[in-house]
Amino acid sequence: MSVRNQSSEQSAGTLYRAGFACFVGRPNAGKSTLTNALVGKKVAITSNRPQTTRHTVRGIVHRPDAQLILVDTPGLHKPRTLLGERLNDVVRTTWAEVDVIGFCLPANEKLGPGDRFIAKELAGIKRTPKVAVVTKTDLVDPKALAEQLIAIDQLGKELGIEWAEIVPVSAVGDKQVELLADLLVPMLPEGPALYPEGDLTDEPEQVMVAELIREAALEGVRDELPHSIAVVVEEMLPREDRPADKPLLDIHANIYIERPSQKGIIIGPKGRRLKDVGIKSRKQIEALLGTPVFLDLHVKVAKDWQRDPKQLRKLGF
């Protein structure tokens, strides 16, 4: 078992590498938080709720010796709706196309049927190197971490997966995140950079803005609407008649839910929740785009959109 737990130096004179890595794992295994920590900026939305990520967000890590492009997929799970099936298809297609797969397993939760389900799928992908990334190490003591590392090694042996590395990390505590990048880079193919210096993601800005609004809308509705929220940015336009040194971007977006009864939950008493969603997401959007924003939010009903192919298409799935 190869467990890495110390910093490693890149040898001088290495060739430039560029390629794709993908983090997989059951919902809420820390994939998006890890992507953001590696990129150093918020490109993937995070939430303590399963099924937060619906778009394949690519984060781009620029290094002197390499460009590591991170593909963040939805969590693979047993699907219950048409949306669930489509999300699983996205995951499998992605796995087949990347140079290295990072399997995220939280340090603070025993391996369960969900992890086994994914590990079995991974065992079927023979050629791609697989790294077991033990996330959330800040939440456990050394003994519990050691037990988890042994359990993951055992799981690999059981299913015939040879881990290229087993790496404990804490994205929140910024522990070993850099080491993880050091270990992934040699598994990428040699070649020139695939994206311009300074690009952090290839997601269209409108998609990222919609994701930030959805993240803010998910906060605080706990278990009431975990998957029922979709956001579509209808338009993003610079406000006319503004002086060049005081630009303002007008963003009009719709928050879709599945039933009229959910409208009140999102809007809140006297519109307070929706106002909070606007304030929170506007701050994040301004940080992302680097410009002041006027955000206009409306809540609409798209009946049972998760099960309706026509609605799914309309909402971008």
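Go over the candidates Pro129, Pro79, Pro106 one by one and state the one that is surrounded by fewer than 16 Cβ atoms within 10 Å (Cβ to Cβ) and of a type outside the set (Asp, Glu).
The conditions single out Pro79.
Going through Lys283, Lys270 one at a time, which residue ends up being under 26 Å from the mean Cα position of the chain (by Cα), more than 13 Å from Asp296 (Cα to Cα), assigned to a helix (DSSP H, G or I) and of a type in the set (D, E, K, R)?
Going through Lys283, Lys270 in turn, just one is under 26 Å from the mean Cα position of the chain (by Cα), more than 13 Å from Asp296 (Cα to Cα), assigned to a helix (DSSP H, G or I) and of a type in the set (D, E, K, R): Lys283.
Does Lys175 fit the bill of being without any contact (Cβ under 8 Å) to a residue 24 or more places away in the chain and over 16 Å from Arg26 (Cβ atoms)?
Taking the combined requirement at face value, the residue does not satisfy it.
Condition (residue is buried (at least 20 other Cβ atoms within 10 Å of the Cβ), assigned to a loop (DSSP other than H, G, I, E, B) and either modelled with pLDDT under 85 or touching a Leu at 6+ places or on another chain (Cβ under 7 Å) (or both)) applied to region 30-42: is it met by at least one residue?
Yes; the residues of region 30-42 include at least one that is buried (at least 20 other Cβ atoms within 10 Å of the Cβ), assigned to a loop (DSSP other than H, G, I, E, B) and either modelled with pLDDT under 85 or touching a Leu at 6+ places or on another chain (Cβ under 7 Å) (or both).
Out of region 176-233, which residues are basic (Lys, Arg) and either part of a loop (DSSP other than H, G, I, E, B) or at pLDDT below 80 (or both)?
Residue satisfying the conditions is Arg222 alone.
Is there a residue in region 167-175 that is of a type in the set (S, T, N, Q) and buried (at least 18 other Cβ atoms within 10 Å of the Cβ)?
yes
Out of Leu297, Leu248, I need the residue that is under 30 Å from Asn36 (Cα atoms) and touching a helix residue (DSSP H, G or I) at 6+ places or on another chain (Cβ under 8 Å). Which one?
The match here is Leu297.
Determine whether region 160-169 contains at least one residue that is assigned to a helix (DSSP H, G or I) and either assigned by TED's automatic domain parsing to the domain that holds His62 or not polar (S, T, N, Q) (or both).
There is no residue in region 160-169 that is assigned to a helix (DSSP H, G or I) and either assigned by TED's automatic domain parsing to the domain that holds His62 or not polar (S, T, N, Q) (or both).
Can you tell me which residue within region 245-258, out of those that are surrounded by fewer than 20 Cβ atoms within 10 Å (Cβ to Cβ) and in contact with an Asp or Glu (Cβ under 8 Å, 6 or more places away or on another chain), is farthest from Leu212 (Cα to Cα)?
Only one residue fits best here, namely Asp250.
The values are calculated or read from the model by the stated rules, or taken from the named source; none is laboratory data. Every value quoted in this text rests on a predicted model; they were computed, and no experiment measured them. With ideal geometry, Cβ positions are generated from the backbone for all residues, glycine too; neighbour counts draw on all protein chains shown.
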